[in-house]
Amino acid sequence: MLGNNDVNLIYYMGDEDMDRNLNVETLLKKLSLREKIGQLLLCGLPSTELTEPLADFFRANPVGGIIYFARNVQNVGQVANLTYELQNVAQNANQIPHFISIDQEGGMVARIAEGITLFPGNMAIAAAGSPEDAYEAALASGKEMSALGINLNFAPVLDVNNNPLNPVIGVRSFGESPEVVAEYGANSVRGLQDAGVSAAAKHFPGHGDTAADSHHDLPVVPHDLARMNEVELVPFIKAIEEGVDFIMSAHIFFPALESEGKPATLSSSVLTGLLREELGYQGVIMTDCMEMNAIVDTYGTVEASVMAIEAGADLILISHTHDLLTGAYEAIEKAVAEGRISEERINESVRRLLEMKIRRGIMTEQGDFPAHKVTAPVINAEGLPVGVGVKEHQDLARRISERSMTLVRDEIGMLPLKKQRTLVVTVASSAMTIADEIIKDQYSLGTALIEQGLNAIDLSIPAAEVAEETARVLEAAQEAEIEQIVIATYNAHFYEEQSELVKQLQALGKPLAVVATRNPYDIAAFPEVKVYMAAYESRPLTMESIAKALLGSIPFQGTLPVSLGDQEKANTAHV
């Protein structure tokens, strides 16, 4: 372990980088091989608490960082305290401070959803039409994460979503245009990093044009390199120019880039040949979670961790299972002992990681080297961390959400809704992939419309129960007092039960408005609908914005970031 009398770290910028590098080299020489390997590993926690056995585990197994999931979040105050405790354990054990990371993309993928300002997701931001929104949202979000001690966000998603059947990206993308994704993505990178939080652009070299989810299978992108240079790689090249701190690899097979059938995460031709050498990326390359089936079902988490380092990855993400983490430790140590991986290869990655921790202020120039920046969270009179969920940020999120509301068609002049008795059906959101979190205490569109003054019957149906509830919905819709119907769908283009329900409601002959509250592609499942709008997500703020737009309290200002067949093209608006 490191001694308490190690040389102080001096961090210089600009022309004095050499002095900083000398200090990194000094520290590198003092680290044992096991400590260096630990810097290459980033892991999860089982719960909301740092128990003593868990603290003992980290004392014995120093790691480069921690990732938070919803299972680790009780409230924002607890998150701030958990971060403080984790960094304190590392400091007291004289270990290098942690990256504290999270998937806080905004919209439907956000591990902290309450107490913090939850901004609209990427596609909603793009629909609102201002690249500056991407910067401002990322800057504000980064400031709030920083107040909780989070210093690395696995965002933005830079996948170009040009496949309507993509089950895992969809609204997490800024859209189908490589140039739009590049512009908005670069602004997001700049916003996060201006707030002092490292951005991790994902999923390199592109997860947008797949019809499979790498959480479950190994997707294949069959395009040649010329096409990838025109589409998939464009946003990543822009992010590299912006100086993005991290790039996360995809567990996807690209035959044009890889001759041995390996996913990009394990491919030296992708990570080293393409990303490092051809694109000139000098930041940290990290993997997506190595417990996803695309890895587990091919090479296994432990062996793949070794392969990823061989391929050029600097940081290995093992999100859930500590036995696999310790297995990766042992496998990497064995690979070095057997000469499969040189210690200098390990050193290359550790240098990048230490440099990044210096750059982002995780390691400071005060105290013994490596000095920690560990301070207790600042709590306000309400017991909440200062700077989190502030009104200025909430107002910004609301403005973006309201501007994102997109009217695709209104062929019968149904909108704004008339002050008539209305049946409002909400298909509640569901977790489509491991990337999603199940929203607790979901806020229905019917509730939002009633609160806005509409005379409505509110029916909310879990996505998995649409077939069982169809008869009840149709019975309510046929009541004489019901004069118009609104249904909020949730990825109906993937679920036949939802599309059938919409078709049966349409057949009743009453004015029907359909609102897509996740992917806007739902209209492909019922192209005959006369009134259709895209809202891109179903968080409470979005439901309020939908209600306002349907009732005419705010105008429809959004434009489609993706095309919906031949009739509704991207970047079109119907106002």
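The values are calculated or read from the model by the stated rules, or taken from the named source; none is laboratory data. Owing to the predicted nature of the structure, the values given are computational and were not obtained by experimental measurement. Here Cβ is always computed from backbone atoms with ideal geometry, including for glycine, and neighbour counts include all displayed protein chains. Just the protein is used for accessible areas: all its heavy atoms, side chains included, with ligands, DNA and RNA removed. Shrake-Rupley method; radii C 1.70, N 1.55, O 1.52, S 1.80 Å.
Scanning the stretch 320-349 for residues that are in contact with a helix residue (DSSP H, G or I) (Cβ under 8 Å, 6 or more places away or on another chain), surrounded by 12 or more Cβ atoms within 10 Å (Cβ to Cβ) and not in a helix (DSSP H, G or I) returns Thr321, Arg340, Ile341. Screening Thr210 with (1) touching a Lys or Arg at 6+ places or on another chain (Cβ under 8 Å); (2) open to solvent by less than 20 Å² (accessible area, probe 1.4 Å); (3) in a loop (DSSP other than H, G, I, E, B) gives one miss only, at (1). Listed conditions (1) surrounded by fewer than 21 Cβ atoms within 10 Å (Cβ to Cβ); (2) farther than 13 Å from Ala138 by Cβ are all met by Asp194, apart from (2).
Of the helices (runs of 4 or more DSSP H) lying entirely inside the stretch 29-95, those containing at least 2 residues that are touching a residue at least 12 places away in the same chain (Cβ under 8 Å) and either within 18 Å of Glu144 (Cβ to Cβ) or aliphatic (A, V, I, L, M) (or both) are 33-39, 76-92. Scanning the stretch 518-575 for residues that are of a type in the set (D, E, K, R), surrounded by fewer than 23 Cβ atoms within 10 Å (Cβ to Cβ), modelled with pLDDT of 95 or more and not in a loop (DSSP other than H, G, I, E, B) yields a total of 2.
The set of residues in the stretch 273-299 that are more than 21 Å from the chain's Cα centre (by Cα), more than 21 Å from Gly65 (Cβ to Cβ) and open to solvent by 20 Å² or more (accessible area, probe 1.4 Å) comprises Arg276, Glu277, Glu278, Leu279, Gly280, Val296, Asp297, Thr298, Tyr299.
A single member of Ala488, Ala507, Ala547 is within 27 Å of the chain's Cα centre (by Cα) and over 14 Å from Leu415 (Cα atoms), and it is Ala488.
All conditions but one from (1) in contact with a Gly (Cβ under 9 Å, 6 or more places away or on another chain); (2) open to solvent by less than 20 Å² (accessible area, probe 1.4 Å); (3) of a type outside the set (Asp, Glu) apply to Arg71; the one that does not is (2). What do you reckon, is Asn166 under 22 Å from Ala428 (Cα atoms), over 14 Å from the mean Cα position of the chain (by Cα) and surrounded by 21 or more Cβ atoms within 10 Å (Cβ to Cβ)? Yes, satisfied.
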